[in-house]
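*Asks:* Before we start, here is the structure in question, set down as structure tokens.
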Amino acid sequence: MCATVSPFCPMSLEPLTAWLPIYKLRIARDSSPIAVRLLGIFVLTYAILKYIRARNSPLNAIPTVGYSGVLTSYITAIQYMVRGREIIQEGYNKYPGRPFKIAAISRWVVVLNGPQLIDEVRQAPEDVLSFDLAIEETTQANFTFGPGLDTHPHHITAISTHINRNMVTKYDDFRDEVLEIFNEKFSDAEDWVGVTAYPTFLRFICRTANRYFVGAPLCRNGDYLSAIEGLTIDVTNSAKIINLFPNFLKPLVGRSLRMVAKRLNAGYRHLAPLVEERLNQAKLDPDASMPNDLITWLMESATHDYHFGVRDMVMRIFIVNFTSIHTSSMAFTQGIYDLAIHPEYVKELREEAESVIGEYGWNKVALQKLRKIDSFLKESHRLNGGTSFVMSRKTLKDWTLSDGTLLPAGTLIGVASDAMSTSELLFQDAGTFKPFRFSDMRDGDDEFDSIKHHLVVLSTDHIIFGHGKRACPGRFFAANGMKTIFTHILLNYDIQLESGSMERPPNIYFGTSSMPNLNAKVMFRKRRA
């Protein structure tokens, strides 16, 4: 037997079971204050380091919109999450042509505006300003789509070369899908048929784009289309949640969010067999003729062995959809809203469409000749852009602007797009919808038509697609798709808002984002003479 009774003696089980709850309680009582003190020390240390860093930062020399204190700046950060568009507009009004900063939850955001500063961003080398890191941070791509996709982003090459280059050879497929959609949806529209505008046009554009990307019948699969359509919203929402947290917590938060993963898995089930079949076909017969679609284009633009993995290729198809579907759908919906409340312009637009299509047929050349339709969509987009903050970049090293402003390494910058698009400094009667504003500016004749004011052309006063070599590479495809569907509607249907309303559905604003009204209905009726 043991000389003494100890709770740790194997022969003293009863004293052990009696003492153990008291022991656990004592540990809990003793350790709880220690944990609280450690947490308090951590928070205090973090706050002190942030304060010291803020006091010594060159960003202090940049004027601030809203609060700039270490603690009060979080008031502005919360406001920026809700009404970022208004705050950027306030900064633009106060500091036209100058940089200003706004507090976000986890960092300062520096906003540039004016042609001079935009041109400086355009000309800055990529080892100074990084587009990829800015987008990665904005979308939190490593936690939404997964790591590695931006290391060798050959899908950008597929967009800028193959997708745009094949608009001539594949346009008939695109046009055929438009006809199929409208025959399905409005075959009996002898009288007015109402549809909820945004989700309807989202499906139209998603379906026609995927006819171009992956072909039929997958482009008509409802489950696949729903996965693609929901992807952008889920990625955007997930990124906003992750960006609420400091950097060291983002991996934990990112891995806990499953919204995007569910969408990707749903789409993967449909895409993976098609991709796997194509890859196997290429292995068996490298010289075989492949379908002219996005899968083949990705294979041709691949630069590393891992690019030929099924999952890698499927993820890149998702990314191409992510970057093209929703922005086009929002811009197109805004254009239809403007067409519905401005019936006075329908006759002139139809006359142009009938003349051009009658002479050239349905092809890429005809789309380039639709000057007034192009101008109408561009003017609609000017007044109803999808975001107030474009051309995002992250400074990789200290960068000094021409006015002497120093932006330290690690600064997130962007351009005040909405504020510039509605500025009287750049556009006369900037707040007025003038559908032929840009077609009137094009002073070339039919043979040597000026392209300066086309929807897709980049300039320092028209930055909805960005500017410079990192501007949106898919803008040509998006513009041609929108013009095709828009022109088809003009030539074949009368449209109006629900009950013939002439009041434009109000936009939805949140943070720096703007969306067309999601609930407004548009009425279609087969065109009457």
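*Asks:* Report the residue count in the stretch 397-429 for those that are within 17 Å of ASN56 (Cα to Cα) and of a type in the set (Gly, Ala, Ser).
*Replies:* 2
*Asks:* A further question on this structure: Here are some residues: ARG263, ARG203, ARG258. Which one is surrounded by fewer than 16 Cβ atoms within 10 Å (Cβ to Cβ) and either under 17 Å from the mean Cα position of the chain (by Cα) or under 26 Å from SER514 (Cα atoms) (or both)?
*Replies:* ARG258 is the lone residue from the list that is surrounded by fewer than 16 Cβ atoms within 10 Å (Cβ to Cβ) and either under 17 Å from the mean Cα position of the chain (by Cα) or under 26 Å from SER514 (Cα atoms) (or both).
*Asks:* Considering the stretch 319-351 alone, what residues qualify as being surrounded by fewer than 21 Cβ atoms within 10 Å (Cβ to Cβ) and either without any contact (Cβ under 8 Å) to a residue 24 or more places away in the chain or in contact with a Gly (Cβ under 7 Å, 6 or more places away or on another chain) (or both)?
*Replies:* THR323, GLU344, LYS347, GLU351 - these are the residues of the stretch 319-351 that are surrounded by fewer than 21 Cβ atoms within 10 Å (Cβ to Cβ) and either without any contact (Cβ under 8 Å) to a residue 24 or more places away in the chain or in contact with a Gly (Cβ under 7 Å, 6 or more places away or on another chain) (or both).
*Asks:* For the stretch 90-115, how many residues are surrounded by fewer than 16 Cβ atoms within 10 Å (Cβ to Cβ) and at pLDDT 95 or above?
*Replies:* So the count comes out to 2.
*Asks:* Further question on the same structure: Answer yes if at least one residue in the stretch 188-197 is touching a residue at least 12 places away in the same chain (Cβ under 8 Å), surrounded by 19 or more Cβ atoms within 10 Å (Cβ to Cβ) and not hydrophobic (A, V, I, L, M, F, W, C), and no otherwise.
*Replies:* Taking every residue of the stretch 188-197 in turn, none turns out to be touching a residue at least 12 places away in the same chain (Cβ under 8 Å), surrounded by 19 or more Cβ atoms within 10 Å (Cβ to Cβ) and not hydrophobic (A, V, I, L, M, F, W, C).
*Asks:* Are any of the residues in the stretch 149-163 within 18 Å of GLY254 (Cβ to Cβ), of a type outside the set (Gly, Ala, Ser), in contact with a Lys or Arg (Cβ under 9 Å, 6 or more places away or on another chain) and surrounded by 17 or more Cβ atoms within 10 Å (Cβ to Cβ)?
*Replies:* Checking the stretch 149-163: at least one residue is within 18 Å of GLY254 (Cβ to Cβ), of a type outside the set (Gly, Ala, Ser), in contact with a Lys or Arg (Cβ under 9 Å, 6 or more places away or on another chain) and surrounded by 17 or more Cβ atoms within 10 Å (Cβ to Cβ).
*Asks:* If you don't mind, there's one more thing I want to ask. Tell me, please, whether a residue that is of a type in the set (Lys, Arg) and either closer than 23 Å to ILE317 by Cβ or touching a helix residue (DSSP H, G or I) at 6+ places or on another chain (Cβ under 8 Å) (or both) can be found in the stretch 153-173.
*Replies:* Yes: the stretch 153-173 contains one or more residues that are of a type in the set (Lys, Arg) and either closer than 23 Å to ILE317 by Cβ or touching a helix residue (DSSP H, G or I) at 6+ places or on another chain (Cβ under 8 Å) (or both).
*Asks:* If you don't mind, there's one more thing I want to ask. What is the number of the single condition among (1) touching a residue at least 24 places away in the same chain (Cβ under 8 Å); (2) surrounded by 15 or more Cβ atoms within 10 Å (Cβ to Cβ) that HIS304 does not meet?
*Replies:* (2)
*Asks:* Name every residue in the stretch 237-255 that is over 11 Å from SER106 (Cβ atoms) and surrounded by 18 or more Cβ atoms within 10 Å (Cβ to Cβ), in order of residue number.
*Replies:* SER238, ALA239, GLY254 - these are the residues of the stretch 237-255 that are over 11 Å from SER106 (Cβ atoms) and surrounded by 18 or more Cβ atoms within 10 Å (Cβ to Cβ).
*Asks:* Give SER355, SER289 a once-over and let me know the one that is in a loop (DSSP other than H, G, I, E, B), over 24 Å from the mean Cα position of the chain (by Cα) and free of Cβ contacts under 8 Å to residues at least 40 places away in the same chain. Explain how you work it out, then say what you get.
*Replies:* Numbers: SER355 fails: in a loop (DSSP other than H, G, I, E, B).
None of the other options fit; the residue is SER289.
*Asks:* Looking at GLY361 and the list (1) out of contact with any strand residue (DSSP E or B) (no Cβ under 6 Å at 6 or more places or on another chain); (2) surrounded by 22 or more Cβ atoms within 10 Å (Cβ to Cβ); (3) on the phi > 0 side of the Ramachandran plot, which single condition is not satisfied?
*Replies:* So the condition that GLY361 fails would be (2).
*Asks:* Here are some conditions: (1) of a type outside the set (Asp, Glu); (2) closer than 30 Å to ASN113 by Cα; (3) surrounded by fewer than 21 Cβ atoms within 10 Å (Cβ to Cβ); (4) at pLDDT 95 or above. TYR493 meets all but one. Which one does it not meet?
*Replies:* (2)
*Asks:* Scanning the stretch 54-89 for residues that are free of Cβ contacts under 8 Å to residues at least 60 places away in the same chain and of a type in the set (Val, Ile, Thr), which turns out surrounded by the most Cβ atoms within 10 Å (Cβ to Cβ)?
*Replies:* It comes out as ILE87.
*Asks:* Another question, if that's okay. Could you tell me whether the stretch 251-274 includes any residue that is among the β-branched types (Val, Ile, Thr), more than 13 Å from MET313 (Cβ to Cβ) and part of a helix (DSSP H, G or I)?
*Replies:* Yes, some residue in the stretch 251-274 is among the β-branched types (Val, Ile, Thr), more than 13 Å from MET313 (Cβ to Cβ) and part of a helix (DSSP H, G or I).
*Asks:* Okay, moving on. If we keep just the residues of the stretch 215-231 that are in contact with a Phe, Trp or Tyr (Cβ under 9 Å, 6 or more places away or on another chain) and surrounded by fewer than 22 Cβ atoms within 10 Å (Cβ to Cβ), which is nearest to GLY511 (Cα to Cα)? Walk me through it before giving the result.
*Replies:* Kept after step one, since they are in contact with a Phe, Trp or Tyr (Cβ under 9 Å, 6 or more places away or on another chain), are these residues of the stretch 215-231: 218-219, 227-228, 231.
Checking which are surrounded by fewer than 22 Cβ atoms within 10 Å (Cβ to Cβ) leaves us with 218-219.
Numbers: LEU218: 35, CYS219: 33 Å.
Top of the filtered list is CYS219.
*Asks:* Okay, next question. From the list PHE486, PHE465, PHE438, PHE477, exactly one residue is of a type in the set (A, V, I, L, M, F, W, C), buried (at least 18 other Cβ atoms within 10 Å of the Cβ) and in contact with an Asp or Glu (Cβ under 7 Å, 6 or more places away or on another chain). Which is it?
*Replies:* Details: PHE486 fails: in contact with an Asp or Glu (Cβ under 7 Å, 6 or more places away or on another chain); PHE465 fails: in contact with an Asp or Glu (Cβ under 7 Å, 6 or more places away or on another chain); PHE477 fails: in contact with an Asp or Glu (Cβ under 7 Å, 6 or more places away or on another chain).
Exactly one residue qualifies, and that residue is PHE438.
*Asks:* Residues of the stretch 421-430 being on the phi < 0 side of the Ramachandran plot and over 19 Å from the mean Cα position of the chain (by Cα), which ones?
*Replies:* THR422, SER423, GLU424, LEU425, LEU426, PHE427, GLN428, ALA430
*Asks:* Which condition number does ILE317 fail, the rest of (1) touching a Lys or Arg at 6+ places or on another chain (Cβ under 9 Å); (2) part of a helix (DSSP H, G or I) being met?
*Replies:* (1)
*Asks:* Hey, can you tell me all the residues within the stretch 148-191 that are more than 18 Å from THR296 (Cα to Cα), in contact with a Phe, Trp or Tyr (Cβ under 7 Å, 6 or more places away or on another chain) and of a type outside the set (A, V, I, L, M)?
*Replies:* Residues satisfying the conditions are ARG175, PHE186.
The values are calculated or read from the model by the stated rules, or taken from the named source; none is laboratory data. Given the structure is predicted, the values throughout are model-derived calculations rather than measurements. Ideal geometry is used to build each Cβ from the backbone, glycine not excepted, and the neighbour counts take in all protein chains shown.
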